[in-house]
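A short write-up of the structure that comes next.
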Amino acid sequence: MSKKMSRMISLLVLPQQQQIYPCRLPTIHTRAANSVSESQRKCKIGFKAPRRLVLGLGASFWSQFMSMPGRARGKYHIALARQKGVIEEVFKNVDWPQQFPFKEEDFQRFDESPDSMFYDAPRFVTHIDDPAIAALTKYYSKVFPPSNTPGICILDMCSSWVSHFPKGYKQACIVGLGMNEEELKRNPVLTEYVVQDLNLNPKLPFEDNSFDVISNAVSVDYLAKPIEVFKEMCRILKPGGLAIMSFSNRCFWTKAISIWTSTGDADHVMIVGSYFHYSGGFEPPQAVDISPNPGRSDPMYVVFSTKASTA
């Protein structure tokens, strides 16, 4: 591995701030901070990135996936510098390859042990810092149907003990789907929940055209079968229904997919957009940079799409 690539990986996997914590635990907030294990608190940045983390991307991403006109490609590379406002340009003039450009190894993880073991113990912590949480909550307040709207049903996918929905937000149907029952039980916004490992079974246990909104906060990077999951999302969304994938640059890197840990923020936007595009049934994806304090707090990005009315 070249020195340049090694440096890039170290910056992408555990970037800039608060580097003593695991990637997905940049700041220990909440009442239950003591639930973080001693081994997690002692985790340092000084690991050697496995070779597989940088091989999964391969030539397919740069030569096929990024086969867009020069003007758009230039904007894309500027995005790697995290310039505010550039993320919104990522999907302009994209020339999508005919076939899904990623390989099976791109969705492998450093830790391939059962996810049920990893998520067995509840983690009553937040995985992005307070400004990023506030930014996501503000975004939800703008795009969600008004509170207590008759007939509205929302699915919070990869849910936990907190969904970052607006304070006091209510609907008659807000379903959480996640990995840990204790966390889901603690989530006050949920009216019901389902415990399911989407990497083991991507089939969503809901009827067609059931939901108006699907949210997924800082967890899309763990999906090892994203196309299957996104096809299911399309199936259960009502025509015109909204799917919102939000993410930062934090993760449990051993459980994030290889292609995520070996790429940067703008790449992540494009990767999530590809899930919408290649799963079919969605309108062209769009991206929004909702980072509250670029360079000073956790970045926050949203990739969203709506189910096509003819899907």
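A short reminder: the numbers here are calculations on the coordinates, not readings from a lab. This structure is a prediction, so every number in the text was calculated from the model and none was measured. So basically every Cβ, Gly included, is an ideal-geometry build from the backbone, and we count neighbours across all protein chains shown.
On a 24 Å Cα-Cα criterion, which of the cross-link pairs K92/K225; K92/K307; K142/K170; K167/K203; K142/K307; K170/K238 come out too long? Where the Cα-Cα span goes over 24 Å, the pairs concerned are K92/K225; K167/K203. The value for the range 216-310 of Rg(Cα) / (2.2 N^0.38 Å) is 1.07. Per residue, the Cα convex hull of the range 128-208 amounts to 105 Å³. Picking from S160, P150, F100, whose Cα lies most toward the positive end of the charge dipole for the range 83-163 (charges on Cβ: Lys, Arg +1; Asp, Glu -1)? About the Cα centre, the residue reaching furthest to the positive side is P150.
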